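*Asks:* First the structure, which I've put down as structure tokens, then a few questions once you've had a look.
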Amino acid sequence: MQSTTYIRRELEPAPAVPFTQDLLIDGQRVPALSGRYFETRNPATEQVIARVAEADAADVDRAVRSARAAFEGEWNQMRAADRGALLLKFAEAIRGAQDELIELESLDSGKPVSAIRRQDLPAVLDTLAYYAGFADKINGQVIPARNDALTYSVREPLGVVGAIVPWNFPLMIGMWKIAPALACGCTVVLKPAELTSLTALRLGELAIEAGIPAGVLNVVPGLGKTAGQAIVDHPDIDKVTFTGSPAVGRQILRGAAGNLKRVTLELGGKSANIVFPDADIDAAAKAAASGIFFNSGQVCSAGSRILVHEDVYDEFVARLVARARAVRVGDPSETATAMGPLVSEAQMQRVLDYIAIGRNEGARLVAGGARSGNVGYFVSPTVFAGVSNDMRIAQEEIFGPVAAVIAFQTEDEALRIANGTAYSLAAGVWSSDISRVHRFARRLKAGTVWVNTYGPTDVRLPWGGARDSGFGREHGDAAIENFTESKVVWINTGR
Ligand code: NAD
């Protein structure tokens, strides 16, 4: 399978990715001041596809100056409705370039083109349209506090936003931050993950093509410890919105204390997907498989712990194993491919290490468990049965296609296991007992509880977690709060 991928890429003309990719600052593509570049690879073929300019603190500073000037200039002087209209034009520009964006995202991240076309790209457009509509509906309130004054509040944009995003959904998570920030009148310095910078740079160009003023959206690829840290440390950034790992989240929180930046953290997960005997077992197994194998398991809300009642345990595991073996793993550019490679060699190694840990802990490997092929960072869909919740494979986020199936006997036990990790991002419950469903929806520690489904998200619904999954909410009107500050105006009227 991988060798087919390799040959295909050798025989066909190289895709239209300019080999050198510069930063996007103040509406211009510019090299890093240091002149440094880093390489980005196609994880399906291991081939280098581009050299990306490597921003450091000096480049971040240039980008922040540009974003500040845009914030204080045209972007906030225009009517809110006109800002919304520009966001819709941005969406149109993205729609016009969607084939290119889909190919670029797939080449850079290894995500299957079919999944990007079906899920990521529509979500990007939906997010932009949704927040474009918000731009002129960010209302204040008249609050009748006194008889001798007219007192009201308005919501004002926070200012310059630093957006730091991971590699698992570069376009979609990028847009979850860009769209509400811009709708509120903020300007953005976006740092994509170093493994997947290409679509973020293209998005920045499309914003300019759509007529969004220079400096409103700057894109500064670079390493976390330099470019990312420079955003966190910069005294003229008002807010950091971050999606990534809990370890980096903690570092960001510490760094943001410098100028007391506002922070939103969307971090990891180890979500429980709980199956009761009164559920539709086939539907549950199907959704559980996509809940852990979608995007090769590189999903913060992946249903990585599957809790199954002992009465249906064997039947469920058999169905899940059959589904795991049926997943079409392969060339992400083929439309029939359901699962591509992991994003990098390091990520593949991390997942293989966890598979070895699971075996050593005594879990029963019933599907997959190894690298697939020897070119590209592919790992077979893997299922461990006989897992107990204290094993590392049940407690730690693997971020790969590895399901840990845990048996339970009672509701209380299921709840204890489900809530028994450091995370609380999402959970799933499968049951036809409506009372039980409500009990679980109430008692599960999770930002989202799915019932008789697993995994859908919608930009209208608040998204986020607690504890090691971070804090704050993205999406919906929660995101408007994230990028605005309230101001009270008190006008003395006399009695
Ligand atoms: P990561 O934390 O290593 O990197 C995320 C981003 O932070 C990258 O852009 C990176 O360059 C940057 N970064 C690294 N060190 C930094 C520093 N010191 N200062 C500032 N920025 C720094 O995470 P990752 O490996 O790219 O992504 C995987 C993680 O993201 C997983 O834990 C996953 O669960 C989480 N995630 C969460 C959500 C959610 O919505 N909750 C969504 C997707 C991914």
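*Asks:* In percent, what relative contact order does the chain have, based on Cα pairs under 8 Å that are 6 or more apart in sequence?
*Replies:* The normalised contact order for the chain reaches 18 percent.
*Asks:* Placing +1 on the Cβ of each Lys and Arg and -1 on the Cβ of each Asp and Glu in region 378-437, which of Ala407, Thr382, Ile417 has its Cα farthest towards the positive end of the resulting dipole?
*Replies:* Thr382
*Asks:* Can you give the net charge of the other residues whose Cβ lies under 13 Å from the Cβ of Asn374, counting K and R as +1 and D and E as -1?
*Replies:* Local net charge: -1.
*Asks:* Enumerate the calculated ³J(HN,Hα) couplings along region 407-413 in order (Karplus 6.51 cos²θ - 1.76 cosθ + 1.60, θ = phi - 60°), each rounded to whole Hz, writing x wherever the residue is Gly or Pro.
*Replies:* Listing the rounded values in order: 8, 9, 10, 10, 4, 4, 5 Hz.
*Asks:* Per residue, how many Å² of accessible area does region 272-451 show with a 1.4 Å probe?
*Replies:* 37
*Asks:* Among 204-212, 299-307, 318-326, what's the highest-first ranking by average C-beta atoms within 10 angstrom per residue?
*Replies:* 299-307, 204-212, 318-326
*Asks:* Let me ask something else about it. Taking a probe of 1.4 angstrom, what is the accessible area of Asp331 in Å², to the nearest 10?
*Replies:* 10
*Asks:* So, in nm, how far is label Asp278 from label Asp99 when the simple model puts each one 7 Å beyond its Cα toward the Cβ?
*Replies:* Inter-label distance under the simple model: 5.2 nm.
*Asks:* Oh, and also: What is the spin-label model distance, in nm, from Ala336 to Asn360 if the labels are put 7 Å beyond Cα along the C-beta direction?
*Replies:* The modelled label-to-label distance comes out at 4.0 nm.
*Asks:* Moving on to the next point. Going 7 Å from the Cα of Glu92 toward and past its Cβ, which residues in region 110-133 have a backbone nitrogen under 18 Å from where you end up?
*Replies:* 125-133
*Asks:* How high is the relative contact order of region 272-451, in percent, counting Cα pairs under 8 Å that sit 6 or more residues apart?
*Replies:* Relative contact order here is 27 percent.
*Asks:* Here is a follow-up. What does the helix-only formula give at 222 nm for the chain: each DSSP H stretch with n ≥ 4 adding -39500 (n - 2.57), the total divided by the residues, and the result rounded to the nearest 500 deg cm²/dmol?
*Replies:* Here the helix-only value at 222 nm equals -11500 deg cm²/dmol.
*Asks:* I need the phi-derived Karplus couplings for region 69-86: 6.51 cos²θ - 1.76 cosθ + 1.60, θ = phi - 60°, integer Hz, Gly and Pro marked x.
*Replies:* Ordered by residue, 3J(HN,Hα) equals 5, 5, 5, 7, x, 3, 4, 8, 7, 7, 5, 4, 5, 6, 4, x, 5, 5 Hz.
*Asks:* Given a 1.4 Å probe and heavy atoms of the protein chains only, how would you sort Glu103, Glu345, largest accessible area at the top? Walk me through the numbers on the way to the answer.
*Replies:* Values: Glu103 75, Glu345 115 Å².
Of Glu103, Glu345, the descending order of accessible area is Glu345, Glu103.
*Asks:* Got a number for the accessible area of Ser344? Probe 1.4 Å, square angstrom, nearest 10.
*Replies:* About 20 Å², ignoring ligands and nucleic acids.
*Asks:* Can you classify the chain as rounded, prolate or oblate using the Cα gyration tensor, where a ≥ b ≥ c are the square roots of its eigenvalues, rounded means a/c under 1.5, and otherwise it's prolate if a/b beats b/c and oblate if not?
*Replies:* Oblate.
*Asks:* Give, rounded to the nearest 20 debye, the magnitude of the charge dipole that region 272-451 has about its Cα centre when Lys and Arg contribute +1 at Cβ and Asp and Glu contribute -1 at Cβ.
*Replies:* Once rounded to the nearest 20, the dipole reads 260 debye.
*Asks:* If you roll a 1.4 Å probe over the chain with all protein chains in place, what percent of the accessible area is carbon or sulfur?
*Replies:* 51
*Asks:* Considering lysine pairs in the chain that are 8 or more places apart or on different chains, how many have Cα atoms under 22 Å apart?
*Replies:* Step by step, the pairs that qualify in the chain add up to 23.
*Asks:* Further question: Whenever you get a sec, line up Val30, Val142 from highest to lowest accessible area (probe 1.4 Å, protein heavy atoms).
*Replies:* Of Val30, Val142, the descending order of accessible area is Val142, Val30.
*Asks:* Now, a different point. Measure of size requested: the Rg and Dmax of region 272-451, with Cα atoms as the atom set and Å as the unit; please supply both.
*Replies:* 15.5, 50
*Asks:* Measure off 7 Å from each Cα along the Cα-to-Cβ vector at Glu74 and Glu209, then give the distance between these two points in nanometres to one decimal.
*Replies:* Once both label points are built, they end up 1.8 nm from each other.
*Asks:* Using a simple charge model, +1 on the beta-carbon of Lys and Arg, -1 on the beta-carbon of Asp and Glu, nothing else, what dipole does the chain show about its Cα centre, in debye to the nearest 20?
*Replies:* 740
*Asks:* Sticking with this structure for a sec: How large is ³J(HN,Hα) for each residue in region 231-246, as worked out from phi by the Karplus curve 6.51 cos²θ - 1.76 cosθ + 1.60 (θ = phi - 60°), to whole Hz, x for Gly and Pro?
*Replies:* Couplings: 5, 4, 7, 5, x, 9, 9, 8, 8, 10, 10, 10, 10, x, 7, x Hz.
The values are calculated or read from the model by the stated rules, or taken from the named source; none is laboratory data. Computed from a prediction, not measured in an experiment: that's the story for all the values here. Every residue, glycine as well, gets a Cβ built from its backbone with ideal geometry; the counts of neighbours run over all protein chains shown. These accessible areas exclude ligands, DNA and RNA; they are computed on the full protein's heavy atoms, side chains included. Shrake-Rupley method; radii C 1.70, N 1.55, O 1.52, S 1.80 Å.
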